[in-house]
Amino acid sequence: MPGRSSTNSGSTRYISFSGVESALSSLKNFQSSISSGMDTVSSVALDLVETQTEVSSEYSMDKAMVEFAKMDRELSHYVKAVQSTMNHVKEERPEKVPDLKLLVEKKFLALQDKNSDADFKENEKFVQFKQQLRELKKQLVKPKEDGRQNEFDPNKDSSRAGNERDGMHADRENDGTEGVDEDMIVTQSQTNFICPITQLEMKKPVKNKMCGHTYEEEAIVRMIESKHKRKKKACCPKIGCSHTDMRMSDLIPDEALRRAIESHNKKKKRHSE
């Protein structure tokens, strides 16, 4: 049993949770490892998209990310169950030491019974992973003369690759870019490479989770810190944006855009040589 009982002044009974709290600390460290694993999977998946590797490999990364998200959810539920049990016992101060293992198990199973696929929408790493993949594909996709997409080799996993191309084709239709001249699309992409603060091409772009706009990390951090030091709210510097209370916690690395900028510059350098 992860708790122990003893007496204080010969009468008052208490339970020490020092051992449990130490174990919880170790579990939280493991959660950090899961987070690092998700970062690695996300990076590999973006590499696969950037190198236009067959879709089946990218799909494997997607499955790996789902497994990490499941582990993270299960571990979070267990930590919550243990913490809830500890708080309950501390408040109740029972005369007889309860079966802590049984109490934790009941609370854990109750949390697990509420699991659903919708939970993944609340996992920030998983949501970022899906968004970054989608955005990088849009940045790297090249329209052929007949308007179809040419992102993946149709001879490799043709069925799934076809679905991916159709999805990209649909994205362009939804974005209103279907039939638009390729030079115009490239120009628009280059415009998205420019930081609204420095008016220079970004090298380390970060995205605002609240409004979706991107900025050079150093510039936006300096702007937010400057505003907060003067006890003022930091507004999104993108013209027309209504987000008026930016916080550091709103910023996340935009790996897809960083890769797209690097890819664009490499191609431009090759063409100029």
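A protection proxy built from the mean count of other Cβ atoms within 10 Å ranks the segments 128-136, 93-101, 225-233, most packed first, as 128-136, 93-101, 225-233.
For the set Ile220, Ile194, solvent exposure ranked by accessible area (probe 1.4 Å, protein chains only) runs largest to smallest as Ile194, Ile220.
Ratio of Rg to Rh for segment 184-268: 1.00 [Cα atoms; Kirkwood radius as inverse mean 1/r over pairs]. Taking only the alpha carbons of segment 203-248, we obtain Rg and Dmax values of 10.0, 29 Å in that order. Give the carbon-plus-sulfur fraction of the accessible surface of segment 38-98 in %, rounded to a whole number; probe 1.4 Å, heavy atoms of protein chains only. Whole-percent figure for carbon plus sulfur exposure: 47. Using the Cβ-Cβ distance between Glu218 and Lys90 with R0 = 35 Å, the FRET efficiency computed as 1/(1 + (r/R0)^6) comes to roughly 0.15.
Cβ-Cβ distance of Lys121 and Thr51, R₀ of 25 Å, FRET efficiency by 1/(1 + (r/R0)^6): the value works out to about 0.30. Stretch Lys130-Ser249 to full length: gain in nm at 0.36 nm per residue minus the Cα-Cα span? Full extension from Lys130 to Ser249 adds 40.9 nm. Extension gain, Met71-Asp113: 0.36 nm per intervening residue step, less the Cα-Cα distance, totals 13.6 nm. The slack in the chain from Ser33 to Lys101, taken as 0.36 nm per residue of separation less the alpha-carbon distance, amounts to 22.0 nm.
The values are calculated or read from the model by the stated rules, or taken from the named source; none is laboratory data. Here the structure is a predicted model, which means the values were calculated and not measured. For neighbour counting, all protein chains shown are included, and Cβ atoms are generated from backbone atoms with ideal geometry for every residue, glycine included. For accessibility, only protein heavy atoms count, side chains too; no ligands or nucleic acids. Shrake-Rupley method; radii C 1.70, N 1.55, O 1.52, S 1.80 Å.
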